[in-house]
Amino acid sequence: MSEVLIILIKVICALVWLLLITLYLTWLERKESAVIQDRIGANRADILGIRAIGLFQPFADAIKFVFKEDFTPNFSKKFLHTMAPFISFFFVAVTIAVIPFGDVLRIGGREIKLLIVDFNVGLLFVLAMLSLGIYGIILGGWASNNRYTLLGGMRGAAQLVSYEVALGLSLVGLIMVYPSLNLSSIVHFQGELLFGWLPKWGVFLQPLGCLVFFFAAFAETKRVPFDLPEGESEIVGFFTEYSGLKWGLFMMTDFMEVLIISTLLTTLFFGGWQVPWMAADGFHFPWGGEWQLPHGIVVLFQVLAFNLKVFFFCWLQILIRWTYPRFRYDQVMDLGWKLLIPLSLANIIGTGILMSI
Amino acid sequence: MIKALGYFIEIIRGSIITARHFVVNMFFHILKVLRIKTKRKGAVTIQYPEQRREIASRHRSLHRLMTRKDGKPRCVACMLCATVCPSECIYIEAEEDPDPEIQKCPAKFIIDLSRCCFCGFCVEACPEDAIRMDTENIEFAEYNRQELIYDLDKLLG
Ligand code: SF4
Ligand code: SF4
């Protein structure tokens, strides 16, 4: 009974975390772009005159979405048209289930792992779900029964197919180094030290893989340098025929992908919840200092470290999104097939050679 | 390959520029939160309805008709403004003025501001300096077009 309850609480916590951070990513995006462009950004949404630097803006947006007309065009395939945003939303949201937020938390003699399900094949699960998300986009483009949306959907499909390959291959090297597909044991492994002082984070063991993964994952989010399915200035994209909350779901999915990519990058390449030189009982510095910490503080540090890293990568992705113009279609394909895939293959071979000697 | 590498360097440099903007502006924003006065600000935004920019002296704003000492419009209904107006949005009906020196005065003087393009030609054309665009009123948006048709009373203000 209590097992079920614990799982339930974990699910609720993770979902609230996911949705809340996704909501506030829209705020971060607006504010960060504003600061980059010497502006202030949305700051007018207020409650009883309290503006709080626009922190209420996401909720104002959400309320607006709810009250917008939900329009389904006559010529669309109604059922699929309605399904599409939910499919793409679901498959992205479900990946949070295997992301470890921290190590074990001990309360009252019980050990609670700070992740929802400890999958043996967590990494494959994440990859599979992320690639299933594309069905929502193709379906949206197809079911709208509009040439431009179909074009957007097909572009999305082509882009995702080509980047999925690089994404998967870039992780092969990682799996070779950490002989596990289980995300929590991957994170555990990253707590060890290299040469006695450098944390064994994926980025130090697999710099090339990390780079390829970052590019490919960024292309997966379908945001600006790679926003071909959307292509605002030419085809408007796969969600042309959507309005109101359904369009909002597509937009939320985009932001959620940013968040999921950040958590994955953190978990796989930047040590997840690992704080450098911190073990389960406190810090052990390589220069010979020690700092004992109680269990609760250690767990808190871990969760904070995880969140901080995730925040940094969200920030970085938004920075990139507000810096570059869109790639041309053939450039995107070139980058995927001619640069990222050969690089990831080279990474696999290099890793193999290095590991065998 | 070398060329692509060159692009890559430029790409990195681009993001360094935006990151620099972010860091510098954030620095000044934080200084402002800490109530430290600096000459430079984090943002160039003018928070419009509360803060306003001074309107330039030659700015063309809402029209007004000038009056003589006795309060009657200076306009002599010569139709020059209506003729020159590129949007054809001035409509004048003349009537006889009791003063034989003046001869004509406007019975109706209507400017349809929903069509006006604020070129200022009417002001330039007027021989009597009867029409000016110096009210510095730039906020006269309305909910329907009827309200934007300004007649003699409204223009004399
Ligand atoms: S400002 Fe130009 S468009 Fe407007 S009334 Fe005068 S002449 Fe016509
Ligand atoms: S040009 Fe001047 S005087 Fe002539 S009709 Fe227009 S406002 Fe009146």
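Coordinate-derived values only; no laboratory data. Fair warning: this is a prediction, and the values are worked out from it, not measured in the lab. Because the Cβ atoms are built from the backbone with ideal geometry, glycine has one as well, and the counts that use them run over all protein chains shown.
What is chain A's relative contact order, in percent, from Cα pairs under 8 angstrom and six or more apart in sequence? All intermediate terms of the calculation are to be shown ahead of the outcome.
Details: 544 pairs, mean separation 76.1, N = 357.
With pairs under 8 Å counted, the relative contact order is 21 percent.
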Cβ-defined net charge surrounding A:LEU167, 15 Å radius [Lys, Arg +1; Asp, Glu -1]: -2
Pairwise centroid distance, computed over Cα atoms, of the range A:130-155 with the range B:16-65, Å: 42 Å
From phi via Karplus (6.51, -1.76, 1.60), per-residue ³J(HN,Hα) for the range A:152-164 in Hz, x at Gly/Pro: x, x, 5, 4, x, 4, 4, 5, 5, 4, 6, 7, 4
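Please report the net charge: other residues with Cβ closer than 15 Å to the Cβ of A:PHE79, K and R +1, D and E -1.
Numbers: positive: A:LYS77, A:LYS78, A:LYS246; negative: A:ASP70, A:GLU241.
Its environment carries a net charge of +1.
Would you mind ranking A:VAL66, A:VAL165 by Cβ crowding within 10 Å, fewest neighbours first?
The order, fewest Cβ neighbours first, is A:VAL66, A:VAL165.
Rounded, prolate or oblate: pick one for the range A:291-356, where a ≥ b ≥ c are the square roots of the eigenvalues of its C-alpha gyration tensor, a/c under 1.5 means rounded, and failing that, prolate if a/b is larger than b/c, else oblate.
Working: a/c = 5.69, a/b = 1.51, b/c = 3.78.
Since a/c reaches 1.5 but b/c is at least a/b, the shape of the range A:291-356 is classed as oblate.
Please state, as a whole number in µm²/s, the translational diffusion coefficient that the Stokes-Einstein equation yields for the range A:206-357 at 25 °C and 0.890 mPa s, with Rh defined as the Kirkwood radius across alpha carbon pairs. Numbers along the way, then the final one.
On the way: Rh = 18.2 Å.
In µm²/s, the coefficient is 134.
Count the lysine pairs in chain A that are 8 or more places apart or on different chains: how many have C-alpha atoms under 14 angstrom apart?
Values: A:LYS10/A:LYS113; A:LYS64/A:LYS246; A:LYS68/A:LYS246; A:LYS78/A:LYS246.
Pairs that pass both the separation and distance tests number 4.
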Selection from A:SER76, A:PRO225, B:ALA77, by position along the positive dipole direction of the protein assembly as shown (Cβ): A:PRO225
Cβ-isolated cysteines (cut-off 4.7 Å), chain B: B:CYS75, B:CYS78, B:CYS85, B:CYS89, B:CYS105, B:CYS116, B:CYS117, B:CYS119, B:CYS126
Value of [θ]222 nm, deg cm²/dmol, for chain B, DSSP H segments ≥ 4, -39500 (n - 2.57) each, nearest 500: -9000 deg cm²/dmol
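With a cut-off of 8 Å between alpha carbons and a minimum separation of six or more residues, what is the relative contact order of the range A:160-247 in percent? Let's see the in-between values first.
On the way: 63 pairs, mean separation 23.8, N = 88.
For the range A:160-247, the relative contact order is 27 percent.
For the range A:18-77, which GluC sites (Glu not before Pro) are in a loop by DSSP, counting at most 14 other Cβ atoms within 10 Å? Don't skip to the end; give the middle numbers.
Values: sites: A:GLU29, A:GLU32, A:GLU69; in loops: A:GLU69.
Sites meeting the loop and neighbour criteria: A:GLU69.
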Nearest-ten-degree value, helix B:2-33 long axis tilted from longest Cα axis of chain B: 70 degrees
Chain B - percent relative contact order, Cα under 8 Å, separation 6 or more: 23 percent
Within chain B, longest stretch clear of exposed chymotrypsin sites (Phe, Trp or Tyr not before Pro) (DSSP loop, no more than 16 other Cβ within 10 Å): B:1-117
Check: the protein assembly as shown dipole with +1 on Lys, Arg Cβ and -1 on Asp, Glu Cβ, in debye: 1180 debye
Descending semi-axes in whole angstrom, ellipsoid equivalent of the range A:102-163, from the Cα gyration tensor: 40, 12, 7
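Decide, for the range A:1-115, between rounded, prolate and oblate: order the square roots of the alpha carbon gyration tensor eigenvalues as a ≥ b ≥ c, take rounded if a/c falls under 1.5, and otherwise choose prolate if a/b is larger than b/c, else oblate.
On the way: a/c = 2.36, a/b = 1.28, b/c = 1.84.
Here the range A:1-115 falls in the oblate category.
Shape verdict for the range A:77-356, please, from the Cα gyration tensor: rounded (a/c under 1.5), prolate (a/b greater than b/c) or oblate. Don't skip to the end; give the middle numbers.
On the way: a/c = 2.36, a/b = 1.65, b/c = 1.43.
Prolate, since a/c reaches 1.5 and a/b exceeds b/c.
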Peptide-level mean, for B:41-50, of C-beta atoms on other protein chains within 10 Å: 3
GNM top mover of B:LYS72, B:LYS39, B:LYS104 - chain B, alpha-carbon springs below 10 Å: B:LYS39
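Just from its helices, what would the mean residue ellipticity at 222 nm be for chain A, if runs of 4 or more DSSP H residues each count -39500 (n - 2.57) and the sum is divided by every residue, rounded to the nearest 500 deg cm²/dmol?
Working: 12 runs with 215 residues, N = 357.
Per the formula, -20500 deg cm²/dmol.
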Estimated D of the protein assembly as shown in µm² per second, where Rh is the Kirkwood radius over Cα pairs and Stokes-Einstein applies at 20 °C, 1.002 mPa s: 77 µm²/s
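Dipole size in debye (nearest 20) for the range B:1-45 around its Cα centre, Lys and Arg Cβ +1, Asp and Glu Cβ -1? Numbers along the way, then the final one.
Working: 9 positive and 1 negative charges, 80 e Å.
Computed about the Cα centre, the dipole is about 380 debye.
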Fraction in percent of alpha-carbon pairs per bin - 5 Å, the range A:70-140: 3, 15, 18, 15, 12, 10, 8, 7, 5, 3, 1, 1, 0
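Given the peptides B:130-136, A:6-12, arrange them by the average over their residues of other C-beta atoms within 10 Å, most packed first. Mind showing how you got there, number by number?
Details: B:130-136: 17.6, A:6-12: 12.9.
Top to bottom by mean Cβ count within 10 Å: B:130-136, A:6-12.
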Cβ neighbours within 10 Å from other chains - mean over A:36-46: 4
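What does the net charge come to around A:ILE6 if you take all other residues with beta carbon closer than 10 Å to its beta carbon, with K and R at +1 and D and E at -1? Mind dumping the intermediate values first?
Values: positive: A:LYS10, A:ARG110, A:LYS113; negative: A:GLU3.
Around A:ILE6, the surrounding residues sum to +2.
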Charge dipole (debye, nearest 20) of the range A:264-357; +1 at Cβ of Lys and Arg, -1 at Cβ of Asp and Glu: 420 debye
